[in-house]
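Step one of this worksheet: look at the structure below.
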Amino acid sequence: MRIGWIGTGVMGRSMCGHLLAAGYAVTVFNRTKASAQHLIEKNAAWADSPAEVAERTDVVFSIVGYPADVEEIYLGPKGVFAAFRPGCTAVDMTTSSPSLARRLAEEGQACGVGVLDAPVSGGDIGARNATLSIMVGGEPETFKQVRPLLDRLGKTVVLQGPAGSGQHTKLVNQILITGTMVSLCEALLYAKSAGLDPRVVLQSVSGGAAASWSLQNMYPRILDGNLEPGFYVEHFIKDMGLALAEAERLKLSLPGLALAKQLYESVLANGGARKGTQALILALEALNGIKPTPPAA
């Protein structure tokens with residue numbers, strides 16, 4: 001099986017690397033070739049466009065930034081569908097809109113191509129360790145065909161339902177994370193202000209009912225002053241916007257999500273677009289007049 005990979009950013013490069021390490025022939029494309037160079041050095045072939053990736057492969061994976069990027073790489077004049085053959089498969093792992101996922105599935109069906117929406121959760125750590133949670137929407141037969149490849153990338157791989165279901169599930173995931181991150185940062189500020197040692201506090205709270213992935217992985221990064229991305233602030237804001245748009249369509253009011261988005265937009269407005277989601281601490285520190293945690297030596 002020949003694999004195509006589009007998008008070699010913070011997560012995509014590690015995910016593609018697992019398929020290369022498993023011995024698959026992989027062809028890669030990224031808007032910036034330099035970002036894919038380390039994969040090329042590991043024997044990945046380079047393509048000059050998404051269409052060229054599709055010409056050479058049987059299954060194309062993509063993980064890019066925004067729904068507009070997804071639309072371009074699949075439906076653009078040099079996109080995947082311009083060159084894909086009947087019987088091939090596309091797996092979009094970008095967090096995108098459910099409606100676009102359904103549109104891609106319909107376009108694929110019209111030309112005999114299987115399409116899955118398969119966004120992921122777990123950040124840079126999950127991508128490096130192949131422990132991602134992968135939430136899939138699409139036809140069961142298509143899912144069955146690519147399941148062995150998905151199992152190379154994640155620990156939890158679940159077919160949620162028809163096209164768009166993976167994206168809906170990822171938005172549920174992001175709603176959960178927004179609340180967790182706000183609580184985590186507020187709790188950290190409270191611990192410091194109360195004169196507690198935040199690292200000692202972590203020993204107690206990480207083993208109780210407050211335990212979470214974010215607490216275990218993001219809390220220590222904040223303490224170290226490490227705001228480098230496992231997942232970009234600007235992409236998280238995009239996800240929250242998608243969730244709020246879907247909530248409006250479903251006639252739901254989600255005030256906690258709306259508040260979290262406003263706080264993250266404050267981080268964005270102050271130059272934090274390419275910082276990690278843990279940079280939310282900057283907005284809450286500023287709100288309270290607290291000096292930011294310096295980076296660890």
Next on the checklist: Using the crude model of +1 on Lys and Arg Cβ and -1 on Asp and Glu Cβ, and no other charge, please compute the dipole size for the chain relative to its Cα centre, in debye to 20.
Outcome noted: 400
Checklist entry - Expressed as a whole number of Å, what is the distance separating the alpha-carbon centroids of the stretch 66-144 and the stretch 185-246? => result 30
Checklist outcome for this item: Highest GNM mean-square fluctuation among S62, S253, S214, for the chain with Cα springs under 10 Å, belongs to S253
Item to check | Cβ-based charge dipole, the chain, positive-most Cα from G76, I281, A245 | outcome: I281
Checklist outcome for this item: Computed about the Cα centre, the charge dipole of the stretch 168-287 from +1 Lys/Arg and -1 Asp/Glu charges at the Cβ has a magnitude in debye, to the nearest 20, of 160
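Mean separation of Cα pairs under 8 Å and 6+ residues apart, divided by the residue count of the chain: what relative contact order is that in percent? Working shown, then result.
Numbers: 528 pairs, mean separation 39.7, N = 297.
Contact order relative to length: 13 percent.
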Item to check | Rg/Rg_globular for the stretch 168-287, with Rg_globular taken as 2.2 N^0.38 Å and Rg from C-alpha atoms | outcome: 1.06
Checklist entry - Is any helix in the chain, taking whole DSSP H runs, at least 30 angstrom long along its axis by alpha carbon and on average at least 0.0 on the Kyte-Doolittle scale, and which ones? => result 165-193
Checklist outcome for this item: Within the set Q262, Q278, Q203, GNM on the chain using Cα springs under 10 Å gives the largest fluctuation to Q203
Checklist entry - When you count, for each residue, the other Cβ atoms within 10 Å and take the mean per peptide, how do 44-52, 96-104 rank with the highest first? => result 96-104, 44-52
Checklist entry - Using helices alone, what [θ] at 222 nm do you get for the chain, with -39,500 (n - 2.57) per DSSP H run of 4 or more residues, divided over all residues and rounded to the nearest 500? => result -15500 deg cm²/dmol
Item to check | Straight-distance crosslink candidates among aspartates and glutamates, where the alpha carbon sits under 12 Å from K192 and sequence neighbours closer than 8 are dropped | outcome: E285
Checklist entry - With the Cα gyration tensor of the stretch 129-188 giving a ≥ b ≥ c as the square roots of its eigenvalues, does the rule (a/c under 1.5 for rounded; else a/b larger than b/c for prolate; else oblate) give rounded, prolate or oblate? => result oblate
Checklist entry - Taking the Cα centre of the stretch 2-162 as origin and charging only Cβ (+1 Lys, Arg; -1 Asp, Glu), how large is the dipole, in debye to the nearest 20? => result 420
Checklist outcome for this item: In Å³ per residue, the alpha-carbon convex hull of the stretch 2-162 encloses 93
Checklist entry - Once amide H atoms are placed 1.01 Å from N in the peptide plane, what residues at a sequence separation of 5 or more from A25, or on another chain, have their amide H within under 5 Å of its amide H? => result I3
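Each value in this text was obtained by applying a stated rule to the coordinates, not by laboratory testing. Quick caveat: nothing in here was measured; it's all calculated off a predicted structure. Cβ sites come from the backbone with ideal geometry, for glycine too, and all protein chains shown count toward neighbours.
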